[in-house]
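Below is one structure, written out as structure tokens, with a few remarks after it.
The values are calculated or read from the model by the stated rules, or taken from the named source; none is laboratory data. Predicted model, so just to flag it, every value in this text is computed and none were measured. Reconstructed Cβ throughout: ideal geometry from the backbone, glycine too, with neighbour counts over all protein chains shown.
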Amino acid sequence: MKIQPKLSPEKIILTGLNYKDHARELDMKIPDEPIIFLKPPSAIIGPGENIIYPEGVRRLDYEAELAIVIGKEGKKIPEKKVKDYILGYTCLNDVTARDLQKKDRQWSRAKSFDTFCPLGPWIETDLDPSDIQIQSFLNGKLKQNSRTSNFIFRINFLISFISKIMTLKIGDIISTGTPAGIGPMQKNDKVEIVIEGIGSLKNQVV
Ligand code: MG
């Protein structure tokens, strides 16, 4: 079932490095625990809305990600109970000012500009996310192409792990990281995230 509520999560929690192919691309060691960070809900835009290229940013990247929408409040959720807390799945573009991420070391500024969290096009409630294709296209050209079976940390583990740190509330978004093939966007570029069984999220950079 596809549902299209107005998304207004209390928090958006993202995973820093969660695909084996992306870790290889960055020549980074596989982390032994998930690296998580937050984006503010004020960064959310919907399908078809514009990503604003901030003044002073030198490199603006797309990152295709599978996002989970929480459907029930939970704390210290056991891995085998995680399914009960998931409302559904959607596409997320973890837009990143890569130059500021490197400069600041803290990621808050680089990840948090207004419009840096395209989400949608809807929430798919009937989906087995264990091995689905995830892709991004820039101006129609394939840039990222992987499968969720390449996750370093599986969804049940990830949500259980995060829920031991912070109470998850209804509507909260958890993003599962991006695969290999990240790259920059320019003004006027059209970016599309496509996830098998969910659909396509399209936005333009202005
Ligand atoms: Mg990301």
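Figures for the structure shown
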read-out	value
Residue within segment 121-131 that is crowded, with 19+ Cβ neighbours inside 10 Å and of a type in the set (Gly, Ala, Ser) present	no
Among the residues listed as Ile68, Ile52, Ile13, the single one being within 16 Å of the ligand (Cβ to nearest atom), under 23 Å from Ser108 (Cα atoms) and out of contact with any helix residue (DSSP H, G or I) (no Cβ under 6 Å at 6 or more places or on another chain)	Ile68
Some residue of segment 92-108 being more than 13 Å from the ligand (Cβ to nearest atom) and either in contact with a Leu (Cβ under 6 Å, 6 or more places away or on another chain) or closer than 21 Å to Arg147 by Cα (or both)	no
Of residues in segment 2-48 being among the aliphatic types (A, V, I, L, M) and in a loop (DSSP other than H, G, I, E, B), the one modelled with the lowest pLDDT	Leu7
Where a residue in segment 87-111 is within 25 Å of Lys190 (Cα to Cα) and its partner, wherever it lies, is among the aromatic types (Phe, Trp, Tyr) and more than 14 Å from the ligand (Cβ to nearest atom), with Cβ under 8 Å and at least six apart	Thr90/Trp122; Val95/Phe113; Ala97/Phe113
Residues being surrounded by 20 or more Cβ atoms within 10 Å (Cβ to Cβ) and in a strand (DSSP E or B) - total across segment 144-161	3
Qualifying residue in segment 72-90 (condition: part of a loop (DSSP other than H, G, I, E, B) and within 12 Å of the ligand (Cβ to nearest atom))	no
Asp114 touching a residue at least 60 places away in the same chain (Cβ under 8 Å), away from the ligand (no atom under 16 Å from the Cβ), in a loop (DSSP other than H, G, I, E, B) and surrounded by fewer than 20 Cβ atoms within 10 Å (Cβ to Cβ)	yes
Thr167 modelled with pLDDT of 95 or more, touching an Asp or Glu at 6+ places or on another chain (Cβ under 7 Å) and surrounded by fewer than 19 Cβ atoms within 10 Å (Cβ to Cβ)	yes
